[in-house]
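Following: one structure in structure tokens, then a few remarks.
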Amino acid sequence: MQLPVQCRLCPRQCGANRAAGETGRCGAGDALLVARAALHHWEEPCLSGPPEAQTGSGTVFFTGCPLGCCYCQNYAISQQGLGKAIDAARLEEIFLELQQKGAKNLNLVTATQWLPWVLPALHGARARGLTIPVVYNTGGYERVEVVRALQKDVDIWLADIKYATEGLGAGLSDAADYNVVTLRAVEQMLRQTGAPQFDADGYLRRGVIIRHLVLPGHAADSLEVVKQMAALREKTGVEFLSSLMSQFTPFYHAADHGLGRRVTTYEYRKVVDAAIAAGLTDGYMQEKSSAREEYTPPFDLEGV
């Protein structure tokens with residue numbers, strides 16, 4: 001995959017001539033930027049392992065993002081351009097280094113805008129002995145065509161469904177079409193990946209994890225998301241793991257958009273109860289204590 005003259009990689013389809021130095025709506029230009037590469041111990045247990053495990057998920061944080069979430073905890077990476085310029089050869093080495101360190105999978109965070117570099121690096125690493133599953137960690141806002149094109153490259157989709165309504169997509173992520181686009185993309189992920197498959201140690205080898213972060217004051221929208229998740233399972237006939245998250249903390253511009261507090265136990269419990277009632281019992285739920293008082297962003301460019 002070469003860098004297109006008019007970039008259409010993400011649903012924004014902004015048409016930026018990145019090869020000529022223009023910057024896309026996602027913030028990406030003509031040089032690959034990576035902010036961090038390290039073993040990550042705080043993904044879902046089937047990816048990172050138990051807290052006492054010395055392995056983890058081999059996570060690579062890519063700079064930029066097609067979305068513009070006002071509450072992003074990684075806003076310096078996703079929206080402020082934090083990252084180090086590297087080439088595909090160095091990225092290939094990073095992939096192999098993470099496996100050598102004991103990573104149970106290769107976790108690519110917000111990689112779509114960099115696919116012209118990511119795919120050659122991934123193919124090169126596999127030719128040199130990369131065998132761990134590839135996780136595509138995405139906000140869910142993906143083009144179906146891109147999801148389909150990654151069928152042979154991605155083993156596990158770790159995708160959000162953030163909002164059910166056009167208003168929240170527009171107001172909180174500057175993407176009024178978020179729900180429509182994401183539901184189509186996640187449906188394709190399910191159809192081409194199939195039901196979860198685990199290894200003998202309980203690590204996920206293939207499948208889809210659908211995440212949803214419950215937002216303060218928007219439990220009603222979360223209930224609609226739960227309905228949509230159940231409808232996807234019914235429509236596709238494919239099981240998946242659900243991950244209902246409670247750790248919202250008002251980072252970045254969250255307070256300016258009415259998100260100036262944590263989620264209450266009552267709000268989160270309503271969503272969990274609805275998921276259980278809908279039969280979404282395979283997956284993960286969180287203790288309210290998982291929301292941290294402070295956040296230390298991965299600004300050290302570790303491993304890059």
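The values are calculated or read from the model by the stated rules, or taken from the named source; none is laboratory data. Since this is a predicted model, take the numbers as computed values, not measurements. Please note: Cβ atoms are built from the backbone with ideal geometry, for glycine as well, and neighbour counts cover all protein chains shown. Accessible surface areas use protein heavy atoms only, side chains included; no ligands, DNA or RNA. Shrake-Rupley method; radii C 1.70, N 1.55, O 1.52, S 1.80 Å.
Candidates PRO11, GLY129, ALA53 compared by Cα position along the dipole of the chain: farthest toward the positive end lies PRO11, with charges placed on Cβ.
Between ARG205 and ALA220, the distance separating the two model label sites (each 7 Å from Cα on the Cα→Cβ line) works out to 4.6 nm. Solvent exposure of HIS40, expressed as accessible area, is near 40 Å², computed with a probe of 1.4 Å over the protein chains only. In the frame of its principal axes, the chain has Cα extents of 49, 44, 39 Å, reported largest first. Within the accessible area of the chain, what % is carbon and sulfur when the probe is 1.4 Å and the other protein chains stay in place? Carbon and sulfur together cover 49 percent of it.
By the Cβ-Cβ criterion of under 4.7 Å, the unpaired cysteines of the chain are CYS7, CYS10, CYS14, CYS26, CYS46, CYS65, CYS70. In the chain, Cα pairs under 8 Å separated by at least six residues give a relative contact order of 17 percent. Between the range 187-216 and the range 22-56, the C-alpha centres lie 17 angstrom from each other.
Provide the FRET efficiency to the nearest 0.05 for the ALA127-GLN151 pair, computing r from the beta carbons and using R0 = 30 Å. Don't skip to the end; give the middle numbers.
Numbers: r = 19 Å, r/R0 = 0.62.
According to the calculation, E is roughly 0.95.
Ranking VAL214, THR112, ALA85 by Cα position along the charge dipole of the chain, where only Lys, Arg, Asp and Glu carry charges on their C-beta atoms, puts THR112 farthest toward the positive end. Given +1 at the Cβ of Lys and Arg, -1 at the Cβ of Asp and Glu and no other charges, the dipole of the chain around its Cα centre is 420 debye to the nearest 20.
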